[in-house]
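**Q** Take a look at this one; I'll ask things after.
Bear in mind these aren't lab numbers, they're just calculated from the coordinates by the rules spelled out. None of the values given here were measured: they were computed from a predicted structure. Note that each Cβ is placed from the backbone with ideal geometry, even for glycine, and that neighbours are counted across all protein chains shown.
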Amino acid sequence: MFTGTTVNLSADPSAADCRLDPSELGVLTPDEFRSLLDRLSLIESAQPDGADPHLVVTSAAGRFIIRTGEGKLLLYNARDTSEPSSRLSPEEIVTQLDPQITQAPFAFPPATPTKKPKAAPHYAIAFALFVAALALDGFTLYAVFNIEHVASPPSVVVLTDLNEIATRGPDTLGNYATGSRPGDRVITVTPDEKVRFSELGSPDAISINTDTFRLGLHGKRLCLLTAESGVVDFVNPDTLLYYRDTYRRSR
């Protein structure tokens with residue numbers, strides 16, 4: 001938007017006269033301002049009565065004086081009329097002073113432009129993406145192998161020597177519990193090579209889950225290798241370790 005004041009001009013402005021007082025034009029749209037400049041450009045700059053017809057215009061680009069001259073318009077910086085004028089058409093003046101244009105001929109000197117960082121060469125970007133892909137692939141492989149390692153069943157050697165089974169088997173039989181309060185868990189090992197998982201105080205305390213097992217060695221420990229419930233380790237003849245819970249012989 002623009003605001004303007006006529007000096008020695010009619011309000012349209014279509015005529016010049018030294019007897020005319022300054023007239024405020026209010027806020028003008030770009031189209032209204034262009035139309036006003038078209039009419040101003042038709043006025044002769046040399047007036048018989050010595051009038052100095054001109055416009056004083058303010059926009060986002062600054063404050064300016066516009067005079068007519070030989071079908072063109074002369075644009076001056078209102079802050080310093082000693083500066084050289086620009087000879088422009090009405091359309092060019094609107095373009096120069098439009099609020100959307102951040103730099104006009106007589107606007108304040110621009111700040112030193114900040115140098116934009118140089119764009120990374122394509123090969124550098126490609127190399128960075130390649131390195132990122134390798135890192136991602138490496139992490140993925142590590143995660144996969146690590147998961148497989150964690151998820152793989154413990155290395156258990158099943159006992160096949162009948163004499164060893166006959167010697168060690170009886171020592172595994174009995175009840176083992178995490179405690180004596182309701183809710184504590186119980187593991188019962190029976191002579192028919194079955195293991196029962198139950199819970200103290202449960203309505204179904206006789207049998208929550210029953211599984212079969214074979215004796216084995218988990219490292220150096222004796223263990224029960226069940227068909228479906230995983231591995232039950234013997235820490236010693238009276239203590240079981242099952243999924244990090246400790247079960248002690250109850251009878």
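**Q** For a paramagnetic label modelled at 7 Å from the Cα of Thr190 toward its Cβ, which residues of region 158-178 fall within the zone defined by backbone nitrogen distances under 14 Å?
**A** 173-175
**Q** At Ala132 and Asn175, where each label point lies 7 Å from the Cα along Cα→Cβ, what is the point-to-point distance in nanometres?
**A** Calculated label separation equals 6.3 nm.
**Q** Relative contact order of region 157-249, please, whole-number percent, based on alpha carbon pairs below 8 angstrom and at least 6 residues apart.
**A** 24
**Q** When 1/r is averaged over all different Cα pairs and the result inverted, which Kirkwood radius in Å belongs to region 157-249?
**A** 13.3
**Q** Please compute the net charge surrounding Ile93, taking Lys and Arg as +1 and Asp and Glu as -1 over other residues with Cβ under 12 Å from its Cβ.
**A** 0
**Q** Between Arg221 and Val157, what is 0.36 nm times their sequence separation minus the Cα-Cα distance? Round to one decimal in nm.
**A** So the extension gain works out to 22.0 nm.
**Q** Using 5 Å bins from zero, what percent of all Cα-Cα pairs in region 2-97 falls into each bin?
**A** Reading the bins upward from 0: 3, 15, 27, 29, 19, 7, 1, 0.
**Q** I would also like to ask the following. Just grab the label-to-label distance for Cys18 and Glu228, each label 7 Å out from Cα along the Cβ direction, in nm (one decimal).
**A** My value for the distance between the label points is 11.6 nm.
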